[in-house]
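*Asks:* A single structure is presented below for examination.
The values are calculated or read from the model by the stated rules, or taken from the named source; none is laboratory data. Just so it is clear, the model here is predicted, and its values are computed rather than measured. All Cβ positions, even for glycine, are placed from backbone atoms using ideal geometry, and neighbour counts span all protein chains on display.
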Amino acid sequence: MSTDIIIVEQIPNARDYRRLRRAVGWDDLDEHVVQRGLQQSLYAVCAMRESEIVGCGRVVGDGAIYFYIQDIIVLPELQAQGIGRQIMARVMDFHRRACFAQQLHRSDGRPGRGKIL
């Protein structure tokens, strides 16, 4: 696990979010659209190495019943070092504090229904 990484509760800015998306091969999105979407996040964390955002996790939903993990992104060169696990742990902590009526759903990347946590 990388020891120089800290996880902070923070919504990434549109520029950094787009940079992370491109780094992992996801489609690039218009900056204004990204900014609008990020502002609607229920919860977000960023993995920081010094002042650089090297990963993020984001939860979206209606704020009462449904909570979805929208993004877990870590720069490719820092993957497999436990950063994604740290991000996910913070997301799940948020879920335990905030979710009163429904489980958090996740997809395991395969077609069909995701697992219920």
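Quick grid of which residues meet (1) surrounded by 12 or more Cβ atoms within 10 Å (Cβ to Cβ); (2) at pLDDT below 95; (3) among the basic types (Lys, Arg):
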site: Asn13; (1), (2), (3): yes, no, no
site: Arg18; (1), (2), (3): yes, no, yes
site: Val24; (1), (2), (3): yes, no, no
site: Leu38; (1), (2), (3): yes, no, no
site: Met48; (1), (2), (3): yes, no, no
site: Phe67; (1), (2), (3): yes, yes, no
site: Gln70; (1), (2), (3): yes, yes, no
site: Pro76; (1), (2), (3): no, no, no
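*Asks:* What residue, among those in segment 73-85 that are part of a loop (DSSP other than H, G, I, E, B) and within 20 Å of Asp27 (Cα to Cα), is farthest from the chain's Cα centre (by Cα)?
*Replies:* Initial filter on segment 73-85 (part of a loop (DSSP other than H, G, I, E, B)): 75, 79-82.
Of the ones still in play, those that are also within 20 Å of Asp27 (Cα to Cα) are 75, 79.
Details: Leu75: 12, Gln79: 14 Å.
Per the criteria, the residue is Gln79.
*Asks:* Then there's this: May I ask you to list the residues in segment 45-65 that are touching a strand residue (DSSP E or B) at 6+ places or on another chain (Cβ under 8 Å) and farther than 12 Å from Ile6 by Cα? Don't jump to the end; show me each part of the working.
*Replies:* Filtering segment 45-65 down to residues touching a strand residue (DSSP E or B) at 6+ places or on another chain (Cβ under 8 Å) leaves 45-49, 53-61.
The answer is Gly57, Arg58, Val59, Val60, Gly61.
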